[in-house]
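What follows is one structure encoded as structure tokens, with my remarks underneath.
The values are calculated or read from the model by the stated rules, or taken from the named source; none is laboratory data. Computed from a prediction, not measured in an experiment: that's the story for all the values here. Here the Cβ positions follow ideal geometry from the backbone for every residue, glycine too, while neighbour counts run over all protein chains shown.
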């Protein structure tokens, strides 16, 4: 269906860029509203969950090296049940990606393009993503790698001038309400971390499979590091006012004044944001298109890209009534079901199968679909 | 005057279009192909002859509309082509008069053909055919005609004494008129002898070559000042003079049914990937056209994506550039009649390099390279950034600067986008006019240009002075790109980006830039990704991309594609040992 050779490092960069995408702007608000000054602890507490998720995915990939989750779930659950579960899983991917698109559209409407119709913003964005996805897995994976220096330098351009405003007293008192609040914050971060499961659609193309697990752990670690740094920077500068702002990172950029010439760097934030959101949406769009094509037995995923893009644009309006909805516990559990629940179930099933049907193992390894 | 002549007789290949060893295979090939064509068209010909009455009727009809002039019925295209094929397919006959007749028929209406009939002293009758001007008359007189008519063959009617008698080394035999006519058309002299069934072809080409000059499009301050000329033999000699090795291979290809343009694929055996050469040969062999007038047309036929604005083969007029690329394992194509060589595969970053980079000190060259990249980004994004900031992101500008711009824009009737488009299009027009206009008018254009993009335009209140500055900076920076075709491509993708900037501001610029980036990522040049050392990342190659290392540090060659990779290009043990002592 799709040929291409990517490296484990590229997939790692893709994953953490995609997962970091929305968290950079909204996560400080979302987490700090429950955790207050212990906000920096939450990403560290979320780290093990991230490790667990990528471990599950990589483990499953080691059992079925040439297959995506969609393919081996059909084998493990049986064809009818497998297709049903897959369709729900693919809807999860499309839905969450559409939600990211909605977040982006809202951001652009609220900060830069006040009069431009939201439809124009969303559709121009999704068209670029569709272009990336249609170019093949190699482009999807290489794209963030190529832009990583740009993204990092733009983020540093926001961080570096803000260092002088850091006030570490904002973090006092430490753990005044015990560990419960940071754990709640970590739970709220679970609306980002499960996105690492989309990795399973890229792992079959990885050529250096031996390093995958370490790169996947590295990917989660870098994600945690970026979120941690952002939380520290934002809360150290803005302090208890963080939950008031929708995009605290933007406020940070607005504060910058370098030699009284470089002021109002929020456009830089927007540029970073556009790039990482494109990575995030193409990450999801490719997964959804490839998964749907494999689920329905299509010879190529390419014809599905544009219809799915259209569905994403529509879903981004239709399914999301307001921004707050996403941080409700129900929504996070929805994420966790597909992020941890489904891979864990599949891994358990495959372990049981391996244990009980050793002789047929050789035949089972043959995938139904050629990747 | 005898001195240069002697030199040429010692080096008969100089200036000759197809090398005498190269042509026979191709001649045979083309003869074969034409004979097979003949075979294929034998049946249609027969049909046509049977229905000749009809076809001549249909040919008469247009003449019937012109009652005044009685036109003769013209033969159909098929008849003319078949006639030509039939003549070309003829072998050289035993009887001299038949051969002369065939030649005269082939070259009828050709006033520049000379068929000189004479008798060899004490030998058979002969005829010498050549094209006036294309062949060197003095060589023919002194080395063919004089010996044959004064010394002769001492009564023998065989070929060998005649061959011995003529004092030109570059000789080959041709058995049919396909080869004979090819050779005559290239400027060779063909000796037809009564009683001998092969024609003797002598290389007496009279090369009319422009002198070797410095290429105007790629000048350097320090470095060689040679440039290619229009003669393929001179060009290959220029390469051979830099690579004195039998490993420098030159594979001949002939392109075009009528032009029969000689082209040569050059590469260094042992460094270049043989599959790359095969791929190039395959793509060239698929070209079947009337004529090929320049390498840029060949480029259109062999590039991977013809719809991309970006050049996917590197073009250069400098033999030193070609040599450097050959040494990196790339292959080059030079063609007769074109002073531009094509280098494949080419990446975007290799086109951003100037030959000057390698002739200046590496640190300075690195700095210049960075300057060049910075200014090519300014070329692409400068005007659109200006438009976006003025239309959507005024808050990005410091207040004092914003006030200055606001004051100068107060009188301007256009929005920033229209103003920018107006000025940029005017600039492009002026640039194009500057190239196309005759030299005498050129200075007038520059004066008018200075008025249009200058003080007059500002004082007329058409454009604001910051806009003029932006256009001027863009104009200057676009000429920093060393490769001309890449420069044009980059200059023209500014316009869509400007429109995006006018529609969506910085968001539009980012989207447009990403679309261009994706396009560049999907582009390939002979299987090698266009953004090659950057994406996919090849860290060992960055030393000649983002920076220019000094020569002793550039130990490895770039890996292009495939498993054939001669990695190490130098041994530095001795150099380092001497340095450390």
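Some notes on this structure:
- A single member of B:171, B:137 is under 25 Å from residue B:261 (Cβ atoms) and either surrounded by fewer than 21 Cβ atoms within 10 Å (Cβ to Cβ) or over 41 Å from the mean Cα position of the chain (by Cα) (or both), and it is B:171.
- From the options B:433, B:420, B:444, B:416, residue that is in the same structural domain as residue B:468 (by TED's automatic domain parsing), within 20 Å of residue B:477 (Cβ to Cβ) and within 36 Å of the chain's Cα centre (by Cα): B:420
- Within the stretch B:263-313, the set of residues being in contact with a strand residue (DSSP E or B) (Cβ under 6 Å, 6 or more places away or on another chain) and over 23 Å from residue B:561 (Cβ atoms) comprises just one member, B:292.
- Condition broken by residue B:211, with the remaining ones in (1) within 19 Å of the chain's Cα centre (by Cα); (2) surrounded by 24 or more Cβ atoms within 10 Å (Cβ to Cβ); (3) at pLDDT below 90 satisfied: (2)
- The test for being over 30 Å from residue B:314 (Cβ atoms), free of Cβ contacts under 8 Å to residues at least 60 places away in the same chain, part of a helix (DSSP H, G or I) and within 12 Å of another protein chain (Cβ to nearest Cβ) does not hold for residue B:457.
- Checking every residue in the stretch A:267-284 against the condition of being closer than 18 Å to residue A:87 by Cβ and either more than 14 Å from every other protein chain (Cβ to nearest Cβ) or part of a helix (DSSP H, G or I) (or both) gives at least one match.
- Residue under evaluation residue B:282, criteria (1) assigned to a helix (DSSP H, G or I); (2) out of contact with any helix residue (DSSP H, G or I) (no Cβ under 6 Å at 6 or more places or on another chain); (3) buried (at least 16 other Cβ atoms within 10 Å of the Cβ), criterion not met: (3)
- Hits in the stretch B:552-581 (condition: in contact (Cβ under 8 Å) with a residue 24 or more places away in the chain and touching a helix residue (DSSP H, G or I) at 6+ places or on another chain (Cβ under 9 Å)): B:557, B:558, B:560, B:561, B:562, B:564, B:569
- Counted residues, the stretch B:391-437 - those being in contact with a helix residue (DSSP H, G or I) (Cβ under 8 Å, 6 or more places away or on another chain), within 14 Å of chain A (Cβ to nearest Cβ) and assigned to a loop (DSSP other than H, G, I, E, B): 3
- The residue list B:498, B:469 contains one member that is without any contact (Cβ under 8 Å) to a residue 60 or more places away in the chain and either outside the structural domain of residue B:418 (by TED's automatic domain parsing) or within 30 Å of residue A:271 (Cα to Cα) (or both), which is B:469.
- Top-ranked residue of the stretch A:234-281 - restricted to ones that are closer than 21 Å to residue B:388 by Cβ and in contact with a strand residue (DSSP E or B) (Cβ under 9 Å, 6 or more places away or on another chain), ranked as surrounded by the fewest Cβ atoms within 10 Å (Cβ to Cβ): A:254
- Only residues that are farther than 30 Å from residue A:58 by Cβ and assigned to a helix (DSSP H, G or I) were counted across the stretch A:218-250, and they come to 15.
- Taken over the stretch B:352-383, the criterion of being part of a loop (DSSP other than H, G, I, E, B) and farther than 12 Å from residue B:481 by Cβ is satisfied by B:359, B:360, B:361.
- Count of the stretch A:116-156 residues which are more than 30 Å from residue A:233 (Cβ to Cβ), within 10 Å of chain B (Cβ to nearest Cβ) and surrounded by fewer than 17 Cβ atoms within 10 Å (Cβ to Cβ): 2
- Top-ranked residue in the stretch A:312-330 [being surrounded by fewer than 17 Cβ atoms within 10 Å (Cβ to Cβ) and under 24 Å from residue A:84 (Cβ atoms); ranked as modelled with the highest pLDDT]: A:314
- Meets criteria (within 26 Å of the chain's Cα centre (by Cα) and either away from chain A (no Cβ under 14 Å) or surrounded by 19 or more Cβ atoms within 10 Å (Cβ to Cβ) (or both)) for residue B:563: no
- Here the helices (runs of 4 or more DSSP H) wholly within the stretch B:460-558 that include at least 3 residues being more than 12 Å from every other protein chain (Cβ to nearest Cβ) and closer than 26 Å to residue B:215 by Cβ are B:465-478, B:484-504.
- Among the residues of the stretch B:341-351, the one identified as touching a helix residue (DSSP H, G or I) at 6+ places or on another chain (Cβ under 6 Å) and either surrounded by fewer than 22 Cβ atoms within 10 Å (Cβ to Cβ) or assigned to a helix (DSSP H, G or I) (or both) is B:351.
Conditions tested, residue by residue: (1) in contact with a helix residue (DSSP H, G or I) (Cβ under 6 Å, 6 or more places away or on another chain); (2) in contact (Cβ under 8 Å) with a residue 40 or more places away in the chain; (3) not in a loop (DSSP other than H, G, I, E, B).
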site: B:147; (1), (2), (3): yes, no, yes
site: B:160; (1), (2), (3): no, no, yes
site: B:164; (1), (2), (3): no, no, yes
site: B:167; (1), (2), (3): yes, yes, no
site: B:192; (1), (2), (3): yes, yes, yes
site: B:195; (1), (2), (3): no, yes, no
site: B:215; (1), (2), (3): no, yes, no
site: B:224; (1), (2), (3): yes, yes, no
